[in-house]
Structures are given as structure tokens and as C-alpha cells.
Amino acid sequence: MGTDIGDLLQKRKIELTDLSNRVVAIDAFNTLHQFLSIIRQRDGSPLVNSSGKVTSHLSGLLYRTASLIEAGIKPVFVFDGKPPDLKSETLSRRKEVRETSLEKWENAKAEGDIEAAHKYAQASSKVDQAIVEDSKYLLGIMGIPWTQAPCEGEAQAAHMVIKKDADCVASQDYDSFLFGAPSVVRNMTVTGKRKLPGKNVYVDVELERIDLDETLGALGVNLDQLIDIAICVGTDYNKGLEKVGPKTALKLIKKHGDIHAVLREKGVEIEGLDNIKELFTHPDVTDDYEIKWGKPDSEKLINFLCEENGFSVDRMEKAVERLKAASGARQKTLDQWF
DNA sequence: CTCCCGCA
DNA sequence: TGCGGGAGG
């Protein structure tokens, strides 16, 4: 998913407390996708309510967000809008992977291969409209703001950081850099553990921050050239050059200056190059958003989570209490400042 | 993923 | 008090 330029970036280990009082623009799609793929039972089936509707994402969102608020972080979730036409090939490839995985999941379950079943179930997860609507509703009654991007969520999140309405983007992908995000954090989990893809193994992951200027300085390129490097390697909008990974791409761009010169030198072309580049340099974003944190609505939360979705009342009362206490503390802090 | 119980 | 592992919906 996204662009494979991770190796080139300057990663700095940070602590969750370093993000205290910071506004973090969270890539909602990215986060929900993680919850959906990871919060599953051993045979791979997701958590569901009594009508069979998936609820894994609700569990993840509630607990994760509550912990972020407790850590003093000010989260705002950014949802994807309509993807650009140039992304259609990537999207149909992802769809194919999901559908193949769904078949393999069924087969593995039938054969009693639990481990394979779990693996394919994870790869079959999809953030659909119902998941998105549920999540927006839950965030609303939690008092957590969210923004609807006109197009790519990562572009919108980057825009909000550029405008200084947020301090950094939180995503596992690197794409927001290509949209000019000055600062990105990865691995923003509570436990500091993450599941290894495909395997039933958990590893410790460090919360890390990557600053665009620092990375550009270390690489000796500008943002335009970083975008060129990504296009050489391949993005959601194009395939990338044969046998060119991040290191080679960096070398090529530094040697020849820009992607046009690289392509001339190699005698190859990238179809629609100007349009691809435009998607990164002038993405479709909006200023029509409001970032405001409110009080959680206990009654609606208990009703939605317990009545409608079958969560345990005991657990939810505890979680809602935590959320209320944490957002009250935040309110106090803000009052002291203003 | 995060919670929470059982166990050192 | 802190870890391991299963449950959660």
C-alpha cells in the first residue's frame, strides 16, 4: 500500500507523552483497516453484533481513542473522499487480493487450518461504507472531531498540518509526505506492540516521528525531487520503473536532477506523468472543516455500543468513564491556558 | 488492537 | 506489580 520510500526517511523515536497537547490528524482509513484486520478471533472471523454486522472497528476506535485522550493527545480523524481516477488500478488490485483471500479463508476454514484461515481473513478485510458511517457516528458521540476529505485523506491531513491546524499526521503509510506533510508519526499504539503481517507473532514497535525537512536535508533533495523518487519507485497512481527501488531512485534523481531527465536517460516513459505529479503537488483538499473536541455523550455511547452492538455494559461503562475523566482533564488544561 | 484475568 | 494469553461482539 502507498509508496515504498520508508527506507529513505529519517525516523526519530519518540514517546507518547511527546505528543501531549498536540493535534494529531489521524488517517482514518489506515486506522480502521488495521482494526478490521487485527481484531479477529482465532479462525479469523471479526467481532460482530447480533445482526451479523462487523464491530471490530468500534472496539478498536473506542479503546485506542480513549487512550490517546488520556495521554493528552488531541486527535482529529480524516476520512477519505472520492479517489482520483488514476488510483483505479491500485484499487482494483486491492479488491482482487481481498476476494482471493476471502476464498482462501473459506477453504482454510473448511480444511481446519486455523493459522492460514486467520491470515487470509485479515487480508480479506474491507473498510466499507457501513464501517465508515459507524465510525463517524461513534467519534461524534465520543466528542472527537473528524474531517471529510474531498479526495485523498492523506492529502487532506497533510493540508491541515501545513495550515497549522494540526501538528502532525498519524499514518502507517508514507504518502502524506508526498502531499507535503511537515511531520508524520507512525506506530501510534497504546501497547507498543504490532502484529507481524502474515504471521501470528507480535513485535515491539517504537512510536516514531519523521520530519519532512529533516529527511529532505539528509537526502539532499527537495520535495519535488522526493515526489519524483516516489514516482520512480511506484505510487498508488503509477507502477514505477523496472528494477528501481528507493535507493536507486534516489541516486538517479540526484544524478539527473528530475524524473524527466531520468526517463530521457533510460529511454522510457511514464504514462500521464504530469497528471500523477499534479495529484501530489496540487491535491484536492478543503478548508471547510472544524476541529473541536466536545464532551462524550455517555447515554448515546452506552446505547450505541451496548444496545445496538452488543458490547458488555460493564466494560463500556468503564471505558466511557475513562473517556469522560480524560476529556475533563483536557478541558481543565485548556481553561488554564486561555 | 486492548482489556482483563490468572498466575508468579 | 508484572507478564502471558485468551476473549471481546
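Let me spell it out: the conditions are (1) part of a loop (DSSP other than H, G, I, E, B); (2) more than 16 Å from DNA strand B (Cβ to nearest atom), and A:Gly72 meets all of them except one. Which number is the exception?
All conditions are met except number (2).
Please pick out the residue among A:Asp288, A:Asp314, A:Asp274 that is within 16 Å of DNA strand C (Cβ to nearest atom), exposed (fewer than 12 other Cβ atoms within 10 Å of the Cβ) and either charged (D, E, K, R) or at pLDDT 95 or above (or both).
From the options A:Asp288, A:Asp314, A:Asp274, the qualifying one is A:Asp314.
Residue check, A:Lys119 against (1) more than 17 Å from the chain's Cα centre (by Cα); (2) without any contact (Cβ under 8 Å) to a residue 40 or more places away in the chain, all met but one. Which one?
Going through (1) more than 17 Å from the chain's Cα centre (by Cα); (2) without any contact (Cβ under 8 Å) to a residue 40 or more places away in the chain one by one, A:Lys119 breaks only (2).
Among the listed residues A:His57, A:His33, which satisfies the condition of being within 14 Å of DNA strand B (Cβ to nearest atom) and closer than 16 Å to A:Gly310 by Cα?
Answer to the selection: A:His57.
Out of curiosity, is A:Ile162 in contact with a helix residue (DSSP H, G or I) (Cβ under 6 Å, 6 or more places away or on another chain), among the aliphatic types (A, V, I, L, M), farther than 19 Å from A:Asp4 by Cβ and surrounded by fewer than 23 Cβ atoms within 10 Å (Cβ to Cβ)?
Judged against the criteria, A:Ile162 is not a match.
Please enumerate the residues belonging to the stretch A:121-153 that are in contact with a Gly (Cβ under 6 Å, 6 or more places away or on another chain) and buried (at least 18 other Cβ atoms within 10 Å of the Cβ).
A:Ala121, A:Gly143, A:Ala149, A:Cys151
Find all pairs meeting these conditions: Cβ atoms under 6 angstrom apart; at least six residues apart or on different chains; first residue within the stretch A:34-61 and farther than 11 Å from A:Ala121 by Cβ; second residue part of a strand (DSSP E or B) and more than 7 Å from DNA strand C (Cβ to nearest atom).
Every condition considered, the pairs that remain are A:Val48/A:Val54.
Kindly indicate whether any position in the stretch A:89-107 is in contact with a strand residue (DSSP E or B) (Cβ under 6 Å, 6 or more places away or on another chain), among the small types (Gly, Ala, Ser) and surrounded by 16 or more Cβ atoms within 10 Å (Cβ to Cβ).
No, that holds for no residue.
When residues of the stretch A:16-59 are filtered for being charged (D, E, K, R), in contact with a Lys or Arg (Cβ under 7 Å, 6 or more places away or on another chain) and over 23 Å from A:Val169 (Cβ atoms), how many remain?
So the answer is 1.
Filtering the stretch A:41-55 down to residues that are surrounded by 19 or more Cβ atoms within 10 Å (Cβ to Cβ) and not in a loop (DSSP other than H, G, I, E, B), which residue is nearest to DNA strand C (Cβ to nearest atom)?
Residue satisfying both the conditions and the ranking: A:Pro46.
Output the residue which, of all residues in the stretch A:209-242 that are in the same structural domain as A:Ile276 (by the TED database) and charged (D, E, K, R), is surrounded by the fewest Cβ atoms within 10 Å (Cβ to Cβ).
A:Glu242
Among the numbered conditions (1) closer than 20 Å to A:Gly140 by Cβ; (2) modelled with pLDDT under 95; (3) acidic (Asp, Glu), tell me where A:Asp335 comes up short.
(1)
As an exercise: evaluate A:Thr31 against (1) in contact with a strand residue (DSSP E or B) (Cβ under 9 Å, 6 or more places away or on another chain); (2) among the β-branched types (Val, Ile, Thr); (3) under 19 Å from A:Asp204 (Cβ atoms) and give the number of the one condition it does not meet.
(3)
Does at least one position in the stretch A:2-10 carry a residue that is within 20 Å of the chain's Cα centre (by Cα), on the phi > 0 side of the Ramachandran plot and touching a residue at least 24 places away in the same chain (Cβ under 8 Å)?
Within the stretch A:2-10, one or more residues are within 20 Å of the chain's Cα centre (by Cα), on the phi > 0 side of the Ramachandran plot and touching a residue at least 24 places away in the same chain (Cβ under 8 Å).
Scan (1) at pLDDT below 95; (2) under 17 Å from A:Gly60 (Cα atoms); (3) among the aliphatic types (A, V, I, L, M) for the single condition A:Ala329 breaks and write down its number.
Tallying (1) at pLDDT below 95; (2) under 17 Å from A:Gly60 (Cα atoms); (3) among the aliphatic types (A, V, I, L, M), A:Ala329 fails exactly one: (2).
Among (1) in contact with a Gly (Cβ under 7 Å, 6 or more places away or on another chain); (2) at pLDDT below 95, where does A:Thr191 come up short?
(1)
Scan the stretch A:140-161 and tell me whether some residue there is aromatic (Phe, Trp, Tyr) and in a helix (DSSP H, G or I).
No: the stretch A:140-161 contains no residue that is aromatic (Phe, Trp, Tyr) and in a helix (DSSP H, G or I).
The values are calculated or read from the model by the stated rules, or taken from the named source; none is laboratory data. Worth saying up front: this structure is predicted, and the values here are computed from it rather than measured. Positions of Cβ are generated from backbone atoms using ideal geometry, with glycine treated the same way; all protein chains shown enter the neighbour counts.
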